[in-house]
Amino acid sequence: MGISLTRLDANDPDDGAELSAFLTANGFPFHVRAHPTTAQVAHDLRGGVWTGDEVESYWIDDDDEGRIGVVRLDDVADATAMVDLRLAERARGRGRGAPVLRAATDQVFSAHPAVIRFEGQTRVDNLAMRRVFEQCGWVQEAHYRNGWPVAGAEPVASVAYSVLRRDWAAGTTTPVPRGPAVTLSGELRCADAAQAERVRAHLDEHVALTRAEPGCLSFEVSPTDDELVWRVAERFVDEAAFDAHQRRVAASAWGRETAGIERSYVIRGRARDVEALVDAAWAAEQHLLDPSVRADPHEVGRLLDPSFVEFGQSGRRWTRDEIVAALQEEPGTDPLPSLSEKEHRVLGPDTVLLTYLLRFEDRLSRRSSLWRCDPAPRCLFHQGTPVG
Ligand SMILES: CC(C)(COP(=O)(O)OP(=O)(O)OC[C@H]1O[C@@H](n2cnc3c(N)ncnc32)[C@H](O)[C@@H]1OP(=O)(O)O)[C@@H](O)C(=O)NCCC(=O)NCCS
């Protein structure tokens, strides 16, 4: 079963007539227009829907069965080209879709250097087309709720898949990020010249293999003035890609040869790091409410950022120094302030907003605190509003 694509010129009367016959003789249940009429097809042909500056169409020719369908490539002058693939009813259900999509992908990337991604959208329930996208290594990028109009009925969802030029060229599949990017930065510190030699011997291969990982966004290992120390900066699309990198490295020659060398790394973006960030902020908040801490100006000063501002219950604006002094005078007496309705929002890699209801010495107030937790928790802003 060989598939070839034959250029279709919709302005040519023979091609136009053949296309019209094909589109009106077959049903396309997952297209917005399932049964186009001859008049509608003629209108589209005149309107440049099938052939134009940015549109190319091809007959799909099967070595054994002849002409089995048509594929349209839209927006071929843009960075993102789009596909519309239609097999004749008699050719469906027999595994033709995937080789045709591969041929269309080869055509678009070979003939149009500006195209860096090739995209297709279809109805969420067009399972054959979705499977064809997956068989060809395309990746689902979007799910548009109510995105596909249906004549006389509620719209249904549509889905978008794409393949990147670089994946097509390398035969890889880059996953779509499902969470925040994970970054690692720090230093690789050798204890002696023998360790440094092992790094030098394996580094080039390690860098090349890591950069070839589909989830790697960037990977830099640079020498420093100290010949025993390298600076490391890594960025992966998400936590799954970062974990896959760790597994590959552990089993690699680099992993084995450099296992004993000291690493001083900071990793950001992993779910467990986010949990640790939130836990650290709550622990610091609780600590700051402890009367014995509040009475200690050194400890309060350590927990408040130099730029700290508080909007107090009376509406007064307090600076860090003013709060440190006031708490020393009146640290409070309730040994167990109680927090309820606790909520948090992570606002950045190091920053978290806490809100809660506080019962402190029989007074009830709503509190919000903004904490930056790198390297240690420091409160940037606090506000308290009395309840009732
Ligand atoms: C969509 C289309 C291109 C698919 O090509 P095809 O060659 O008919 O696809 P197949 O029927 O061989 O199915 C492809 C895969 O989907 C699976 N599939 C098909 N229908 C399915 C269903 N209802 N549920 C689950 N899987 C299904 C098949 O089992 C096959 O997977 P497998 O190879 O792992 O077994 C073709 O049917 C077509 O042109 N349809 C009309 C136009 C259209 O809808 N175009 C899409 C617009 S972009």
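Values quoted throughout were computed directly from the atomic coordinates according to the rules given, and no laboratory measurement underlies them. Since the model is a prediction, treat every value here as computed from it, not as a measurement. Every residue, glycine as well, gets a Cβ built from its backbone with ideal geometry; the counts of neighbours run over all protein chains shown.
For the reader, a short list of remarks on this structure follows.
- The label point for Ala250 and the one for Arg200, both projected 7 Å from the Cα toward the Cβ, are 3.1 nm apart.
- Mean residue ellipticity, 222 nm, helices only, the chain: the sum of -39500 (n - 2.57) across DSSP H runs of n ≥ 4, divided by residue count and rounded to 500, is -10000 deg cm²/dmol.
- Computed FRET value (nearest 0.05) for Arg92 with Ser218, which takes r as the C-beta separation and R₀ as 35 Å: 0.20
- Among Tyr58, Tyr161, sorting on how many other beta-carbon atoms sit within 10 Å of each Cβ, with the fewest leading, yields Tyr58, Tyr161.
- Rounded, prolate or oblate (a/c below 1.5 giving rounded, otherwise prolate when a/b exceeds b/c) for region 182-268 by Cα gyration tensor: prolate
- Distance between the 7 Å Cα→Cβ label points at Glu341 and Glu134: 4.5 nm.
- Here Glu322, Glu197 are placed in order of increasing Cβ neighbour count within 10 Å, fewest first, which gives Glu197, Glu322.
- Judged by the ratio a/c of the largest to the smallest principal axis of the C-alpha gyration tensor, the chain counts as oblate, that ratio being 1.5 or greater while a/b is no larger than b/c.
- Each of Cys190, Pro331, Ala10 was scored by the projection of its Cα onto the charge dipole of the chain, and the greatest displacement toward the positive side belongs to Pro331; charges sit on the C-beta of Lys, Arg, Asp and Glu.
- Against the chain, whose longest principal axis comes from its Cα atoms, helix 271-288 is set at around 20 degrees.
- Amide N of region 287-305 lying under 16 Å from the label point, which is placed 7 angstrom from the Cα of Ala325 along Cα→Cβ: 297-298, 301
- Rounded tilt (10° steps) of 239-250 against the dominant C-alpha axis of the chain: 90 degrees
- Cα gyration tensor shape of region 3-170, rounded if a/c is under 1.5, else prolate or oblate by comparing a/b with b/c: rounded
- Between helix 320-329 and the chain: long-axis angle, C-alpha atoms, 0 to 90°, nearest 10: 40 degrees
- Calculated FRET efficiency for the pair Tyr265/Asp225, C-beta based, R₀ 30 Å, to 0.05: 0.90
- Cα centre as origin, Lys/Arg/Asp/Glu Cβ charges: the chain dipole, Debye: 760 debye
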